[in-house]
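The values are calculated or read from the model by the stated rules, or taken from the named source; none is laboratory data. None of the values given here were measured: they were computed from a predicted structure. We place every Cβ from the backbone using ideal geometry, glycine too, and count neighbours over all the protein chains shown. Surface accessibility is based on the protein's heavy atoms, side chains included, excluding ligands, DNA and RNA. Shrake-Rupley method; radii C 1.70, N 1.55, O 1.52, S 1.80 Å.
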Amino acid sequence: MKTRHVLPLILGLLATQASALVVTGTVDGTVTPDTRVSGWVVTPFGQPVQEIVGVPVQSNRFSLEIPITAPTARAQVALTPQNVSWPGVIDPVAVSGQVQAAELRFFTYRDQNNNGRRDEAEALNEVAAQVGRSTLFIVWVNGDVTVKANKGYVAALKRGWNAFLVDVGRAVSLKPFAADTAVSVRLNR
């Protein structure tokens, strides 16, 4: 009887760890040898809380592999209509269930001491990851949930990391981000 339960458990664990989210792209602007692109979990107000991943920019290119693991508890917030300030979201906002969430945004910084991580003295500069006119949006949730907002915004989120391309016009369209899609970020210089 016990062996019948072990196989589904193993298969479930393998399925949840099957593929990491990979974001590759180019950096537009003057890149110094110490420039890094990083992904940070931010508060609902946009303040960086936890660096999830960071890589050096080489030949104006980068490739970030978002870890499958959840952000730390201090980086997660209860997902409520009041704290959804995501790209394309316009009130009123509706959230279908109670989950914890963590929004990931992209930043660059100059790793001046070349230690492979950001230190307090190294300024963070937020950058948008773009594909044409669309903005890459990444969020982690601890359970399945749907977020709806004005102008047709509907984000059906699955447990774990979710990535969408958001295009804002008369209506808001979200389409799943494909790992083979290259993004570009523009340095604010």
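Taken over segment 78-111, the criterion of being part of a strand (DSSP E or B), open to solvent by 50 Å² or more (accessible area, probe 1.4 Å) and touching a Ser or Thr at 6+ places or on another chain (Cβ under 7 Å) is satisfied by Arg110 alone. Residues that are hydroxyl-bearing (Ser, Thr, Tyr), more than 23 Å from Asp180 (Cα to Cα) and either touching a helix residue (DSSP H, G or I) at 6+ places or on another chain (Cβ under 8 Å) or surrounded by fewer than 17 Cβ atoms within 10 Å (Cβ to Cβ) (or both) within segment 29-66 comprise Thr30, Thr32, Thr43, listed in sequence order.
Name the single residue that is nearest to Phe106 (Cα to Cα) among those in segment 28-71 being in contact (Cβ under 8 Å) with a residue 24 or more places away in the chain and hydroxyl-bearing (Ser, Thr, Tyr). Can you show your working first?
As a first pass, look at segment 28-71 and keep what is in contact (Cβ under 8 Å) with a residue 24 or more places away in the chain: 28-32, 34-46, 48-52, 54, 56-57, 60-68, 70-71.
So of that shortlist, the ones also hydroxyl-bearing (Ser, Thr, Tyr) come out as 30, 32, 35, 38, 43, 63.
Details: Thr30: 17, Thr32: 18, Thr35: 13, Ser38: 6, Thr43: 13, Ser63: 12 Å.
Here the residue is Ser38.
Residue check: is Thr69 surrounded by fewer than 16 Cβ atoms within 10 Å (Cβ to Cβ), farther than 16 Å from Ser184 by Cβ and of a type in the set (Val, Ile, Thr)? When the stated conditions are applied, Thr69 passes them.
Here's the yes/no breakdown for (1) out of contact with any Cys (no Cβ under 8 Å at 6 or more places or on another chain); (2) among the polar types (S, T, N, Q); (3) over 18 Å from Val55 (Cβ atoms):
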{"residue": "Arg110", "(1), (2), (3)": "yes, no, no"}
{"residue": "Asn114", "(1), (2), (3)": "yes, yes, no"}
{"residue": "Asn125", "(1), (2), (3)": "yes, yes, no"}
{"residue": "Val131", "(1), (2), (3)": "yes, no, yes"}
{"residue": "Ile138", "(1), (2), (3)": "yes, no, no"}
{"residue": "Thr146", "(1), (2), (3)": "yes, yes, yes"}
{"residue": "Gly152", "(1), (2), (3)": "yes, no, yes"}
{"residue": "Ala156", "(1), (2), (3)": "yes, no, yes"}
{"residue": "Arg159", "(1), (2), (3)": "yes, no, yes"}
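Considering (1) within 17 Å of the chain's Cα centre (by Cα); (2) aromatic (Phe, Trp, Tyr); (3) farther than 26 Å from Val168 by Cα, the lone condition that Tyr109 does not fulfil carries the number (1).
In this structure, is Ser134 of a type outside the set (A, V, I, L, M) and in contact with a strand residue (DSSP E or B) (Cβ under 7 Å, 6 or more places away or on another chain)? Write out each step before concluding.
On the way: of a type outside the set (A, V, I, L, M): yes; in contact with a strand residue (DSSP E or B) (Cβ under 7 Å, 6 or more places away or on another chain): yes.
Yes: the conditions hold for Ser134.
Residues of segment 112-159 that are open to solvent by less than 40 Å² (accessible area, probe 1.4 Å), closer than 20 Å to Leu64 by Cβ, in contact (Cβ under 8 Å) with a residue 60 or more places away in the chain and outside any loop (DSSP other than H, G, I, E, B): Val127, Leu136, Ile138, Trp140, Val141. Inspect segment 53-74 for any residue being assigned to a loop (DSSP other than H, G, I, E, B) and in contact with a Leu (Cβ under 6 Å, 6 or more places away or on another chain) and give the result as yes or no. Within segment 53-74 (the criterion being assigned to a loop (DSSP other than H, G, I, E, B) and in contact with a Leu (Cβ under 6 Å, 6 or more places away or on another chain)), the answer is no, since none of the residues qualifies.
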